[in-house]
There are 2 protein chains.
Amino acid sequence: MNAISVVNFVNEAYSLRMKKDLTQASIEPLLDYFQKIIPLNNEEKRLVTERFQPRLYRKRQYVLQEGNQCNRMNFVVRGCLRLYTIDEKGNTHILQFAAENWWLTDIGSFYGKKESKLNIDALEDTMVLQISFENLTFLYDQAPKFNRIFRVLIENSHVALQNRLLQNISSTAEERYLSFVQTYTHLYNRLPQTQIAAYLGITPEFVSRIRNSQIKKS
Amino acid sequence: MNAISVVNFVNEAYSLRMKKDLTQASIEPLLDYFQKIIPLNNEEKRLVTERFQPRLYRKRQYVLQEGNQCNRMNFVVRGCLRLYTIDEKGNTHILQFAAENWWLTDIGSFYGKKESKLNIDALEDTMVLQISFENLTFLYDQAPKFNRIFRVLIENSHVALQNRLLQNISSTAEERYLSFVQTYTHLYNRLPQTQIAAYLGITPEFVSRIRNSQIKKS
DNA sequence: ACTATTTCTTGATGCAGTTCATTGGCGCAG
DNA sequence: CTGCGCCAATGAACTGCATCAAGAAATAGT
């Protein structure tokens, strides 16, 4: 067995494991998630199971690319996605991360049926459960309860965005960093600092200096 | 007639005019607004007319004060409102303006039935049409179409917030100012610069300098 | 196991935007 | 018309954060 075939073997083993995960992909985390908002009856559970599709994305793989329409809503079962733009100067700006049990889509493109100006990609190998616009509409029709569930989701998302905007307007980089670390403890030691910097709207260098000054303080 | 009674007379005349406006308050702008999203039938129009209440706010009057629950959604017919917080240092930060044909509420408090951390007040004498949470729920029940209408509203609002956040992360104060002027032409020569500064997240002094440098360039 | 790539750190320098203080204009109350 | 509160303008000093550069450390690719 030469070097190359070892690589192939490794990749295949990897893919295989991913595929195994996929076929065994459990809809459970999503059902649990809904259950915590409003209890579902069996028919509603059946609908969810039927209309959501599991899908795997490898690290760095695009889930949505600028210029395309975003026609799926993603629920992250395992891994981590980001929603972002790249500006004219080539800088990346992250609007949202989504790790386990978070939703991610470009709402404007998804509901408005417009070309997206945003990108979504995977920061880690990521498994999602996704639903198309058509299937979501079907869900709304068949079980009006989902109207309410998804309204709650967007409301929460809206409130989070408002708070973040306020922070950006009113706080220093250091305050924002500390608040991020506090709010997303599970994320900050899992993501490279470049990503955190792109989220906070500052340079990676400055994140480094902030961390440094924090360590000295303690 | 002494000085004080002149004042009273003036105020009364003013109030009188406001009250006259109020009784004549037309639901038309709101019906027009809905009509542009989805046509309404007569029953739906009747429901809107029945469930929305006109109300007047004087300049500087609170519509919502921090610590209270926000239990009304406001549609501005005439005038201008702002949604804002005041931080520990005493600085005001404006999340949103709402002039004619705009909606304003604290979504988190309204839907979540929580105490609000935000304030809403009137920057000018303002006439709104407002609906309570209960009446909105009633509307959703009686005419499910409104589910969709209000989902579209919150989606639009969400997209606007996302864009603004991106701007704040990625652009200079000057770029943000220019973009504000372009997007809200009708507002920027109607609002004091202190308010615009509080919206953009910069000092009034710096707004002044930006305007100055713009004038020199042209 | 080695190399390439990405990530983090640290220093020097510059600038965008703040802070503080002063001045002047305008609308409004007495 | 006088005095007071609010808003805009402008200068001087200061600072938070960016930029550029270069090296060290960690990770991924083969």
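One residue alone among A:145, A:114 is more than 16 Å from DNA strand C (Cβ to nearest atom) and exposed (fewer than 14 other Cβ atoms within 10 Å of the Cβ), and that residue is A:114.
I need the full set of residues from segment A:33-58 which are touching a strand residue (DSSP E or B) at 6+ places or on another chain (Cβ under 9 Å) and over 15 Å from residue A:100 (Cα atoms), in order please.
Taking segment A:33-58 and keeping what is touching a strand residue (DSSP E or B) at 6+ places or on another chain (Cβ under 9 Å), we get A:33, A:48, A:51-58.
A:48, A:51, A:52, A:53, A:58 - these are the residues of segment A:33-58 that are touching a strand residue (DSSP E or B) at 6+ places or on another chain (Cβ under 9 Å) and over 15 Å from residue A:100 (Cα atoms).
Assess whether residue A:92 counts as being in contact (Cβ under 8 Å) with a residue 40 or more places away in the chain, within 11 Å of chain B (Cβ to nearest Cβ), within 16 Å of DNA strand D (Cβ to nearest atom) and not basic (Lys, Arg).
Working: in contact (Cβ under 8 Å) with a residue 40 or more places away in the chain: yes; within 11 Å of chain B (Cβ to nearest Cβ): yes; within 16 Å of DNA strand D (Cβ to nearest atom): yes; not basic (Lys, Arg): yes.
For residue A:92, the condition - in contact (Cβ under 8 Å) with a residue 40 or more places away in the chain, within 11 Å of chain B (Cβ to nearest Cβ), within 16 Å of DNA strand D (Cβ to nearest atom) and not basic (Lys, Arg) - is met.
So, in segment A:163-218, exactly how many residues are assigned to a loop (DSSP other than H, G, I, E, B) and more than 8 Å from DNA strand D (Cβ to nearest atom)?
Pass one, segment A:163-218, residues assigned to a loop (DSSP other than H, G, I, E, B): A:171-172, A:184, A:189-192, A:201-203, A:218.
When the remaining residues are screened for being more than 8 Å from DNA strand D (Cβ to nearest atom), the result is A:184, A:189-192, A:218.
Result for segment A:163-218: 6.
Just one residue in the set B:56, B:40 is modelled with pLDDT of 90 or more and assigned to a strand (DSSP E or B); that residue is B:56.
Among residues that are assigned to a loop (DSSP other than H, G, I, E, B), in contact with a Lys or Arg (Cβ under 8 Å, 6 or more places away or on another chain) and free of Cβ contacts under 8 Å to residues at least 60 places away in the same chain, residue B:100 is not included. Out of all the residues in segment A:165-208, which are more than 10 Å from DNA strand C (Cβ to nearest atom), touching a residue at least 60 places away in the same chain (Cβ under 8 Å) and within 14 Å of another protein chain (Cβ to nearest Cβ)? Answer for segment A:165-208, where residues must be more than 10 Å from DNA strand C (Cβ to nearest atom), touching a residue at least 60 places away in the same chain (Cβ under 8 Å) and within 14 Å of another protein chain (Cβ to nearest Cβ): A:198, A:199, A:201.
Just one residue in the set A:95, A:118, A:83, A:165 is over 25 Å from residue A:38 (Cβ atoms) and in contact with a Cys (Cβ under 9 Å, 6 or more places away or on another chain); that residue is A:118. As a summary of the residue check, residue A:211 satisfies the conditions (1) within 16 Å of DNA strand C (Cβ to nearest atom); (2) touching a Lys or Arg at 6+ places or on another chain (Cβ under 6 Å) except for the one numbered (2).
Going by the structure shown, is residue A:140 surrounded by 15 or more Cβ atoms within 10 Å (Cβ to Cβ) and either within 16 Å of DNA strand C (Cβ to nearest atom) or more than 10 Å from chain B (Cβ to nearest Cβ) (or both)? In short, no.
The values are calculated or read from the model by the stated rules, or taken from the named source; none is laboratory data. Because the structure is a prediction, the values reported are computed rather than measured. Don't worry about glycine lacking a Cβ; one is built from the backbone with ideal geometry, like all the others, and counts go over all protein chains shown.
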